[in-house]
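Structure first, then comments.
The values are calculated or read from the model by the stated rules, or taken from the named source; none is laboratory data. Being a predicted model, the structure only gives us computed values, none of them experimental. Glycine gets a Cβ as well: all are built from the backbone with ideal geometry, and neighbour counts include every protein chain shown.
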Amino acid sequence: LKSIAVLTSGGDSPGMNAATRAVVRTAAFEGVKVWGIYNGYQGMIDDEIHELTSRSVSDVIQRGGTFLGTARSDEFRTEAGRKKALENLKSHGIEGLVIIGGDGSLTGGSLLSKLGGMPIVGLPGTIDNDVWGTDYTIGADTAVNTILDAINKLRDTASSHRRIIVIEVMGRKSGWLAMMSGIAGGAEYILVPEAKFDLDQICRELKESYTDGRRYSIIVVAEGAGNGIEIGKQIGAKTGIDTRVSVLGHIQRGGSPSVEDRLKASILGERAALAVISGVSNVVFGFNSGKVVSIDLFDSVNNTKTLDPELVRLARVLA
Ligand code: ATP
């Protein structure tokens, strides 16, 4: 192909810029025209499409967020919206598309692909690490390190005051962020949507351990497992121990991407660009066991990634 486009969609994640940069520079290296679609699928519908050059992506590899902007678009969920988006792409002579986003964005991409018209390649860009078929998603490593930093700081204050600290982290459907940061941060309990827990039992154990002299406890809660504030209130009431809640919120999305996110996003960006330029379609590139893999786009969006039960088990053993 001679002209491709790239967009970021869904929640922003650190490393999206590194991936976009790699797509743009690879296309430029190959002598292929490359366009940036601003503000996700909504920008595709509203024709916010501009040509990019190698220079357009200077000074972005170290930045979190996405310089292309991102959006959630209800119009794109309709077939009329997707048809309009496709027409806009064609009006610029765009022949192929790279989509960087989470599960929802890739689902949108698979529906766009069903309309025909051009090759589509996806990259998993989400802090949740919940895209099926790949161990890795762009931004998850940075986000988990951001959470770990917060846990470390909260631990200092928790131990000084003999408190229980409940930390609510992102993950509506996926407990990956909670599980990884909780294990790495030495949390006593990690509550995730994928595994049942008994709050009464937890409260009994907490009380016992405080009676035995424990100074503090860290409990990490994925937002999909329950509301952190509510859980904190219940723990405080049931144990009688001073309990504080910290909802980390959007701070988890921001920040300069880690080495892993910059490197892997760059590798995946190049692969995506080369694939779409050569006409490959309906694949998502990711990593498994440290190696780049290509996954069928429809398989990726039609399956649900599960949390490794070994991690759930390990968390229980170590707590
Ligand atoms: P994150 O993991 O950060 O939440 P995401 O890509 O999963 O990212 P979503 O909000 O689910 O985020 O999806 C982003 C956009 O993709 C939506 O606003 C919508 O335009 C499009 N999209 C999502 N699901 C669908 C769908 N089933 N059909 C068509 N378009 C969709």
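Miscellaneous remarks
- Near pairs, Cβ below 6 angstrom, 6+ apart or cross-chain, from the stretch 53-82 (part of a loop (DSSP other than H, G, I, E, B)) to any residue that is of a type in the set (Val, Ile, Thr) and at pLDDT below 95: none
- For beta carbons closer than 6 Å, sequence separation of 6+ or different chains, a first residue in the stretch 85-106 that is over 14 Å from Ile120 (Cα atoms) and a second that is of a type in the set (Ser, Thr, Tyr) and within 14 Å of the ligand (Cβ to nearest atom), the qualifying pairs are Gly102/Thr126.
- Filtering the stretch 68-125 to residues that are in contact with a Lys or Arg (Cβ under 9 Å, 6 or more places away or on another chain), at pLDDT below 95 and under 28 Å from Arg253 (Cβ atoms) leaves nothing.
- Of Val280, Val312, all but one fail to be touching a residue at least 60 places away in the same chain (Cβ under 8 Å) and within 24 Å of Gly104 (Cβ to Cβ); the exception is Val280.
- Restricting the stretch 66-92 to residues that are farther than 25 Å from Ala19 by Cα and buried (at least 16 other Cβ atoms within 10 Å of the Cβ), the residue that is nearest to the ligand (Cβ to nearest atom): Gly81
- Within the stretch 6-43, if we keep just the residues that are of a type in the set (Gly, Ala, Ser) and within 16 Å of the ligand (Cβ to nearest atom), the residue that is surrounded by the fewest Cβ atoms within 10 Å (Cβ to Cβ) turns out to be Gly11.
- Looking only at residues in the stretch 105-126 that are in contact with a strand residue (DSSP E or B) (Cβ under 9 Å, 6 or more places away or on another chain) and of a type in the set (Val, Ile, Thr), the one that is surrounded by the most Cβ atoms within 10 Å (Cβ to Cβ) is Val121.
- You will find that of Glu270, Glu310, the residue that is under 17 Å from Gly101 (Cα atoms) and of a type outside the set (Gly, Ala, Ser) is Glu270 and no other.
- Among (1) at pLDDT below 95; (2) of a type outside the set (A, V, I, L, M, F, W, C); (3) closer than 25 Å to Thr137 by Cβ, the one test that Asp296 misses: (1)
- For the residues Val131, Val121, the requirement of being more than 12 Å from the chain's Cα centre (by Cα) and outside any helix (DSSP H, G or I) singles out Val121.
- Selection status of Arg172, surrounded by fewer than 19 Cβ atoms within 10 Å (Cβ to Cβ) and closer than 25 Å to Lys207 by Cβ: no
- Counting only strands (runs of 3 or more DSSP E) that sit wholly inside the stretch 210-311, those with at least 2 residues that are crowded, with 20+ Cβ neighbours inside 10 Å are 217-222, 243-247, 283-288.
- For the stretch 133-142, the criterion of being modelled with pLDDT under 95, surrounded by fewer than 24 Cβ atoms within 10 Å (Cβ to Cβ) and either among the basic types (Lys, Arg) or more than 8 Å from the ligand (Cβ to nearest atom) (or both) is met by none of the residues.
- The C-beta contact set for the stretch 131-156 (first residue among the charged types (D, E, K, R), second residue in a helix (DSSP H, G or I) and surrounded by 19 or more Cβ atoms within 10 Å (Cβ to Cβ), distance under 9 angstrom, 6+ apart or interchain) comprises Asp141/Asp261; Asp141/Lys264.
- Scanning the stretch 143-162 for residues that are within 15 Å of the ligand (Cβ to nearest atom) and either touching a Phe, Trp or Tyr at 6+ places or on another chain (Cβ under 9 Å) or among the acidic types (Asp, Glu) (or both) returns a single hit, Val144.
- Condition check for Ser105: assigned to a helix (DSSP H, G or I) and away from the ligand (no atom under 12 Å from the Cβ): no
- Some residue of the stretch 182-190 being of a type in the set (A, V, I, L, M), outside any helix (DSSP H, G or I) and modelled with pLDDT of 95 or more: yes
- Arg172 meets each of the listed conditions (1) within 22 Å of Glu260 (Cβ to Cβ); (2) within 16 Å of the ligand (Cβ to nearest atom) apart from (1).
- Of all residues making up the stretch 113-130, the number that are touching a residue at least 12 places away in the same chain (Cβ under 8 Å) and more than 8 Å from the ligand (Cβ to nearest atom): 11
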